[in-house]
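Trainee: Dropping the structure in here first, questions after.
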Amino acid sequence: MIQHNMNLDSVPFEMIKSGTKTIELRLYDEKRRKINTGDTIVFTKNDGTFETVTAKVIALYVFDSFETLYKKLPLEKCGYTSDNVSSARAEDMEHYYTRSQQKKCGVVGIELVVI
């Protein structure tokens, strides 16, 4: 089991902490390719408080793009709510990762359980 570290903005951090977001979406880059089922991830809140939450990786879902991921995974587990899931679009993730990055690396849904 390996421990990984990732930063999160306040809203997704609180959703993971509360258990309402159980799948974290990331680029499947060199750093994320080192993650395996059973590993832990320490998420640090990006608000200057350095608050952390630790979660265990229970599954990895690798796709070629967020467009494919959004069609296959339950978006309510990925940080959307019943109020905004109908307007969820894969393009939302382009705020973080370009299409070029997605094409080069692929993407991953990291399913978690807070420990």
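Trainee: What is the residue count in segment 1-34 for residues that are farther than 23 Å from residue 71 by Cα and in contact with a His (Cβ under 9 Å, 6 or more places away or on another chain)?
Mentor: 2
Trainee: Another question, then. Being part of a loop (DSSP other than H, G, I, E, B) and more than 15 Å from the chain's Cα centre (by Cα) is the filter here, so list the residues in segment 92-115 that pass it.
Mentor: 98, 115
Trainee: All but one of (1) farther than 20 Å from residue 13 by Cα; (2) touching a strand residue (DSSP E or B) at 6+ places or on another chain (Cβ under 6 Å) hold for residue 39; which doesn't?
Mentor: Status for residue 39: all satisfied but (1).
Trainee: Just checking, how many residues over segment 40-62 are over 13 Å from the mean Cα position of the chain (by Cα), of a type outside the set (Lys, Arg) and crowded, with 17+ Cβ neighbours inside 10 Å?
Mentor: 1
Trainee: Now a separate question. Going by the structure shown, is residue 68 over 14 Å from the mean Cα position of the chain (by Cα) and either at pLDDT below 95 or under 16 Å from residue 108 (Cβ atoms) (or both)?
Mentor: So residue 68 fits the description; yes.
Trainee: Separate question: Would you check which residues across segment 77-91 are outside any loop (DSSP other than H, G, I, E, B) and either closer than 21 Å to residue 112 by Cα or in contact with a strand residue (DSSP E or B) (Cβ under 6 Å, 6 or more places away or on another chain) (or both) and list them?
Mentor: Selection gives 77, 85, 90.
Trainee: Same structure again: List pairs: first in segment 52-67 and without any contact (Cβ under 8 Å) to a residue 40 or more places away in the chain, second assigned to a strand (DSSP E or B) and of a type in the set (Phe, Trp, Tyr), Cβ under 7 Å, 6+ apart or cross-chain?
Mentor: What qualifies is 52/43.
Trainee: What are the residues in segment 7-60 that are closer than 17 Å to residue 76 by Cβ and in a loop (DSSP other than H, G, I, E, B), if any?
Mentor: 19, 20, 21, 22
The values are calculated or read from the model by the stated rules, or taken from the named source; none is laboratory data. These numbers come from a predicted model, not from an experiment. Counting neighbours? That spans all protein chains shown, and the Cβs are built from the backbone with ideal geometry, glycine included.
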